[in-house]
Structure formats: C-alpha cells, structure tokens
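The values are calculated or read from the model by the stated rules, or taken from the named source; none is laboratory data. Predicted, not measured: the structure shown is a model, and the values here were computed from it. So basically every Cβ, Gly included, is an ideal-geometry build from the backbone, and we count neighbours across all protein chains shown. Accessible surface areas use protein heavy atoms only, side chains included; no ligands, DNA or RNA. Shrake-Rupley method; radii C 1.70, N 1.55, O 1.52, S 1.80 Å.
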Amino acid sequence: MLRVEHMSKRLGAFCLDDVSFTVHDGEYFVILGESGVGKTVVLELIAGLVAADDGDLYWDSENLRRRSIQQRRMGLVYQGQALFPHMTVRGNIAYGARGHGAEWAQKWAEEVGVGHLLERRPDTLSGGEAQRVALARTLASDPRCLLLDEPLAALDLHARAQLRGLLRQIHKSGRTIVHVTHDYEEAVSLATRIAVMNRGTIVQTGPPEEVFHRPASEFVARFVGIRNILRGRLASTGPYTPRFNADGLSISVVTDAAPGPGMIMLRSEDVTVSRAPIESSAQNVLPGVVIDVLRTPGGMEVLIDIGAELAAMVTPESVAQLDLAPGENVWVSFKATAVRFVGDEA
C-alpha cells in the first residue's frame with residue numbers, strides 16, 4: 001500500500017500544497033486535473049526524482065523518503081516514452097530487465113504486444129508502439145507500483161483505445177497503478193478510484209461514480225463536464241422533499257443538507273425533454289423554450305430557457321422526432337434524486 005502524507009514542494013512560483021492520499025494494493029488510482037496543477041510533480045516525488053520539502057511517503061510501513069530511487073522500486077512511464085534512440089526495442093526492454101535476464105525481457109515484450117518489434121529502433125515505431133515499449137521496459141524492472149504520466153495523451157484514437165485495453169489487462173494481473181491525466185473520460189474508463197487536483201492540492205477523492213455523479217464543489221462539477229450549475233438557497237426541509245429556490249425557480253432536491261445558500265448540480269444526461277408534460281416519477285417538471293441545439297461527441301445538447309439556462313443531452317433521433325429548434329416550446333423533467341445540492345459551508 002502506498003501512502004502519501006502531507007507532501008509539499010515549491011518549484012519556482014508553483015507550490016504543491018499538503019497532498020495526501022492512499023493507494024491500496026492492486027488499485028488503479030487516477031489523479032485527474034488540468035495541465036499545470038502538479039500531477040507530474042506528484043509522480044516524480046513518489047519515484048524519488050524530486051525531493052519533497054515536507055511530508056512523508058510510505059510503502060506499507062517503509063518510509064520511502066529515506067530510500068534511493070532504485071530502492072523505492074517505482075516504475076515511471078512518461079508521456080514522451082524517453083526510449084533510448086540508439087538501442088533497439090530489445091535493448092530498451094533489456095535495459096529495464098537488468099538482473100532478470102533475457103528471457104524476462106522477452107516475456108514483457110510479448111506481454112505488451114511488441115514481441116515482433118524487438119529488432120526495430122524507436123524512430124521507426126508509431127506512438128502506440130513506442131508507448132508499449134516504454135511500458136515493457138518499466139515492467140521489466142519489476143516495480144511494485146506503476147506510475148503513468150499522461151500515457152495516452154499523444155496517441156490517436158485507435159492507439160488510445162488499444163492501450164487502454166492493455167492497461168486494463170496489466171491492472172487485472174494485480175499491478176498497483178497510479179495514472180495521471182487531464183481527461184475525465186479516460187479516468188472513468190480505467191480508475192477504481194480518482195483524486196481530483198486543482199492548484200497544487202487534492203480537492204476530492206473517491207470512486208469514479210461518486211466523483212462524477214456527486215462532485216464536492218463547483219470546480220469538480222465543471223471539470224467533469226456538468227453543465228447545469230445553479231446558485232440559490234435551500235429552503236427549510238420539513239416533512240416534504242426539500243426545495244431549492246433560485247431566480248424565481250423552485251426545484252425539488254433530495255438532500256439531508258441544512259437549509260441555506262449553496263448550489264445545485266444536474267447532469268445534462270438526467271434531463272428529459274418532451275413536447276408536453278409527461279407522467280413519470282420526476283418531481284421537477286418545468287416549461288421552457290429552446291435556445292439552441294448543438295452537436296457534441298456525446299450526442300445532441302439542447303439548451304433550454306426555464307428561467308435559467310438548462311442543458312439536456314438527447315439523441316439525434318429525439319431532436320428529429322420532437323422537432324427541436326430554437327424558439328420551440330418544450331417541457332423538461334428530472335428527478336429530485338438526480339439533483340445534487342452543495343451548501344456554501346461544505
């Protein structure tokens with residue numbers, strides 16, 4: 001088990017501030033954040049390439065801050081692969097396998113699917129092939145934890161999908177992995193647990209479904225792609241479903257939070273659009289006017305004025321069937337359980 005405890009590091013104007021998290025054995029732990037928030041610095045502190053100003057780092061009960069890079073046995077793979085250009089694929093992997101023998105290097109070449117490329121040079125490889133070789137070289141060193149720095153960022157869509165499959169296989173073999181990325185779709189497809197970083201610190205940690213469906217702050221919500229965020233006030237709860245009031249709107253929300261100011265968050269996928277009120281279990285049924293219809297990678301996003309702008313994600317078929325276009329009157333509905341309230345004191 002890897003434990004990072006109150007780790008801090010100042011690098012010029014940047015400061016990594018009081019970072020703490022735990023990675024359990026066999027876990028796929030993803031650190032998610034925008035460029036420049038300190039994700040790579042965290043990996044380099046764990047690997048021993050950068051010395052922390054404060055804090056501690058443990059593998060089980062062993063304090064790694066007192067250990068050399070070699071003694072830590074952390075395998076770091078950078079986005080840029082950093083393969084030795086003068087060596088063949090075989091030579092690169094064998095370098096990582098020092099002390100384990102040629103058969104060990106061959107094993108990892110086959111494991112990651114580059115056994116047929118052993119006599120090739122790095123400059124003849126595609127991006128996906130080079131990243132596989134970098135993985136094989138690192139795994140051949142027998143690390144107890146695999147550290148991945150944006151391993152998919154420079155790859156095309158096909159190579160990215162293939163490498164995601166390979167990373168899942170490596171994880172299923174029991175390998176503990178810490179993976180940093182700026183891509184929340186990548187994070188949710190791979191992680192067993194996620195830590196979200198902002199401005200040099202961890203702002204939320206949890207399983208992917210918790211982070212993406214119950215973000216702890218407006219920053220996390222916007223970062224993971226939640227469009228519908230509205231500020232207002234939670235009314236007294238009483239014996240009925242609590243109501244959130246904002247800009248003349250009154251919205252039912254299931255929460256045990258105390259009444260007071262805050263915000264609600266609602267995923268666009270949880271909003272249903274119809275031409276007339278529909279019978280359902282949804283407590284929130286509101287009239288609106290279509291502002292715009294936009295094509296996105298996830299479907300068609302319909303922007304609707306309900307007294308505030310609301311985004312709904314629908315299929316292209318629904319847009320055609322409902323004849324959705326700017327200026328058209330529609331109804332929106334969503335369940336009270338789909339609305340997440342976060343109080344300002346949270």
*Of Y58, Y95, which residue is open to solvent by 70 Å² or more (accessible area, probe 1.4 Å), of a type in the set (F, W, Y) and either within 23 Å of I170 (Cβ to Cβ) or at pLDDT 90 or above (or both)?*
Y95
*Six or more apart or on different chains, Cβ under 6 Å: which pairs go from a residue in region 134-158 that's under 20 Å from A187 (Cβ atoms) and in a loop (DSSP other than H, G, I, E, B) to one that's of a type outside the set (S, T, N, Q) and open to solvent by 20 Å² or more (accessible area, probe 1.4 Å)? Could you list them?*
L152/R160; A154/G127; L155/G127
*Kindly provide the set of residues from region 201-251 that are under 30 Å from S189 (Cβ atoms), open to solvent by 50 Å² or more (accessible area, probe 1.4 Å) and either in contact with an Asp or Glu (Cβ under 6 Å, 6 or more places away or on another chain) or in contact (Cβ under 8 Å) with a residue 60 or more places away in the chain (or both), ordered by number.*
T205, H213, R214, E218, R227
*asked:* Looking only at residues that are more than 17 Å from L16 (Cα to Cα) and in a loop (DSSP other than H, G, I, E, B) in region 184-200, which one is least open to solvent (accessible area, probe 1.4 Å)?
replied: A191
*Return the residue satisfying two criteria in turn: it lies in region 292-307 and is among the aliphatic types (A, V, I, L, M) and surrounded by 16 or more Cβ atoms within 10 Å (Cβ to Cβ), and of such residues it is nearest to M263 (Cα to Cα).*
I306
_If I ask for residues that are of a type in the set (D, E, K, R) and over 17 Å from T205 (Cβ atoms), which ones from region 35-50 would you list?_
E44
*Would you be able to say whether some residue in region 8-18 is within 18 Å of L166 (Cβ to Cβ), surrounded by 15 or more Cβ atoms within 10 Å (Cβ to Cβ), without any contact (Cβ under 8 Å) to a residue 60 or more places away in the chain and over 22 Å from the mean Cα position of the chain (by Cα)?*
no
*Looking only at region 53-64, which residues are touching a residue at least 12 places away in the same chain (Cβ under 8 Å) and either part of a strand (DSSP E or B) or under 10 Å from E5 (Cβ atoms) (or both)?*
D54, G55, D56, L57, Y58, W59
*Which of the residues belonging to region 25-36 are open to solvent by 10 Å² or more (accessible area, probe 1.4 Å), touching a residue at least 24 places away in the same chain (Cβ under 8 Å) and either assigned to a strand (DSSP E or B) or not hydroxyl-bearing (S, T, Y) (or both)?*
D25, G26, E27, E34
*Working only within region 109-133, note down all residues that are open to solvent by 30 Å² or more (accessible area, probe 1.4 Å) and in a helix (DSSP H, G or I).*
E110, E111, H116, D123, T124, G127, E129, R132
